[in-house]
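> Dumping the structure here so I can ask a few things about it.
The values are calculated or read from the model by the stated rules, or taken from the named source; none is laboratory data. Because the structure is a prediction, the values reported are computed rather than measured. Glycine also receives a Cβ, built like all others from the backbone with ideal geometry; neighbour counts cover every protein chain displayed. SASA here: full protein model, heavy atoms, side chains in, ligands and nucleic acids out. Shrake-Rupley method; radii C 1.70, N 1.55, O 1.52, S 1.80 Å.
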Amino acid sequence: MDKDPDMLEKSILEATATLLACGIDPERSILFLQSHVETHSQLAWVLGTLTTMPRLAQLPQFKEKSKTIKEIPLGLYTYPVLQAADILLYNATEVPIGEDNLQHIQLAQHLARGFNRIYGPTFVVPKPIIEDGLSKRLRSLRKPENKMSKSELDPKSRISLIDSPDEIIEKMRKAITDFTSSVTYDIENRPGVSNLIEIHSLCTGQTTDEIVESMIHLDTGKYKIVVAEVLIEFLRPIRSKLLEYLQSPEELIQILTKGGEKAKLISNPVWESVCYKMGISPRRQWYSLPRVERKLKEMS
């Protein structure tokens, strides 16, 4: 997590503006800051008592990211448990994910079943929805053997929706391909140029075969510019809306605030149910619950 408060606040507003620009309607969806709904961290602590350190250490994202960090923060290690809390607090039935997050959903399922087994039916066991198309395997522009990720340190490895046309062209020019100049689709042997073809396909709706056939006269250097131009046009309306939203930070904050209030209305009863079943209910009425009265009589 970025430790610069100003940069973190900027990233929050940009993420909110991005979701809105992509068509998320705050009247139909709930946008909020996780840190403003305290039940997330509270439930994460409870769920953390139901899993083990060896299991968390085997999760793919931790294994991958810990290779590049000298001193591994505890937050990276326990993040999947917090992610499970994010899901279970809202009784989510289905969760759209990438393939690399499948084990995280399996952890959430394991924790839900474990709690339900110990304390009785409480959580819905969520099912993953995995995207089955080209978008599920977009690769880094700089290391095409890896997926494209916003957490990658090199900003030239990815296309951001807020990137200007000049930035997109520059990133495409720097995109790693190989020493073969022709434009062919071979995801195993030519991941770099194949990645560009997939981006092209997602932006235009053309198949990879149609693109290869139409670009047979170009070398990869010139083809990169073609992909850049296609990408610029595809992202133009989204980027325009995104920049417009960023001009109204007060509106973004208001959306997040209202979303937080709505999220609490859903998550608080779930957390209260967890506390009641565990015997740690925070409500005053806890003292007058029939089962507690029985226990007190037995003790007297």
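> Got a number for residues in the stretch 81-95 being assigned to a loop (DSSP other than H, G, I, E, B) and loosely packed, with under 14 Cβ neighbours inside 10 Å?
1
> Mind checking which residues of the stretch 122-150 are closer than 23 Å to A92 by Cβ, assigned to a loop (DSSP other than H, G, I, E, B) and open to solvent by 40 Å² or more (accessible area, probe 1.4 Å)? Don't jump to the end; show me each part of the working.
Residues of the stretch 122-150 closer than 23 Å to A92 by Cβ: 122-133, 135-136, 150.
Among the residues that remain, those that are also assigned to a loop (DSSP other than H, G, I, E, B) are: 122-126, 131-133, 150.
Listed by number, the residues that qualify are V124, V125, E131, D132, K150.
> Answer yes or no as to whether I87 is in contact with a helix residue (DSSP H, G or I) (Cβ under 7 Å, 6 or more places away or on another chain) and free of Cβ contacts under 8 Å to residues at least 12 places away in the same chain.
Considered against the rule, which asks whether it is in contact with a helix residue (DSSP H, G or I) (Cβ under 7 Å, 6 or more places away or on another chain) and free of Cβ contacts under 8 Å to residues at least 12 places away in the same chain, I87 comes out as no.
> Taking E233 as meeting all but one of (1) out of contact with any Lys or Arg (no Cβ under 8 Å at 6 or more places or on another chain); (2) modelled with pLDDT under 95, write down the number of the exception.
Of the numbered conditions (1) out of contact with any Lys or Arg (no Cβ under 8 Å at 6 or more places or on another chain); (2) modelled with pLDDT under 95, the odd one out for E233 is (2).
> Just checking, does the stretch 45-57 include any residue being modelled with pLDDT of 95 or more, within 18 Å of the chain's Cα centre (by Cα) and in a helix (DSSP H, G or I)?
For the stretch 45-57, residues modelled with pLDDT of 95 or more, within 18 Å of the chain's Cα centre (by Cα) and in a helix (DSSP H, G or I): absent.
> For the list (1) open to solvent by 40 Å² or more (accessible area, probe 1.4 Å); (2) under 15 Å from I232 (Cβ atoms); (3) in a loop (DSSP other than H, G, I, E, B), I need the number of the one condition that E167 fails.
(3)
> Taking the options E250, E272, name whichever one is open to solvent by 70 Å² or more (accessible area, probe 1.4 Å), of a type outside the set (K, R) and at pLDDT 90 or above.
E250
> If you take the residues of the stretch 217-241 that are outside any helix (DSSP H, G or I) and open to solvent by 40 Å² or more (accessible area, probe 1.4 Å), which of them is farthest from F179 (Cα to Cα)?
So the residue we want is H217.
> Go through the residues of the stretch 27-47 one by one and say whether even a single one is over 30 Å from K241 (Cα atoms), open to solvent by 30 Å² or more (accessible area, probe 1.4 Å) and polar (S, T, N, Q). Before the answer, list the steps.
Of the residues in the stretch 27-47, the ones over 30 Å from K241 (Cα atoms) are 38-47.
Of the ones still in play, those that are also open to solvent by 30 Å² or more (accessible area, probe 1.4 Å) are 38, 41-42, 45.
Within this subset, residues satisfying the condition of being polar (S, T, N, Q) are 41-42.
Scanning the stretch 27-47 turns up at least one residue that is over 30 Å from K241 (Cα atoms), open to solvent by 30 Å² or more (accessible area, probe 1.4 Å) and polar (S, T, N, Q).
> Let me ask another. Is it the case that I162 is open to solvent by 40 Å² or more (accessible area, probe 1.4 Å), touching a residue at least 40 places away in the same chain (Cβ under 8 Å) and not hydroxyl-bearing (S, T, Y)?
yes
> Taking T78 and the conditions (1) loosely packed, with under 15 Cβ neighbours inside 10 Å; (2) part of a helix (DSSP H, G or I); (3) among the polar types (S, T, N, Q), which numbered condition does it fall short on, given that it satisfies the others?
Condition not satisfied by T78: (1).
> Quick check: anything in the stretch 88-98 of a type outside the set (V, I, T), at pLDDT below 95 and touching a strand residue (DSSP E or B) at 6+ places or on another chain (Cβ under 6 Å)?
Yes, the stretch 88-98 has at least one match.
> Another question, if that's okay. Restricting attention to the stretch 5-26, which residues are of a type in the set (G, A, S) and either in a helix (DSSP H, G or I) or open to solvent by less than 40 Å² (accessible area, probe 1.4 Å) (or both)?
Across the stretch 5-26, the qualifying residues are S11, A15, A17, A21.
> Suppose the filter is in contact (Cβ under 8 Å) with a residue 40 or more places away in the chain, exposed (fewer than 15 other Cβ atoms within 10 Å of the Cβ), among the hydroxyl-bearing types (S, T, Y) and under 30 Å from P60 (Cα atoms); does S201 pass it?
no
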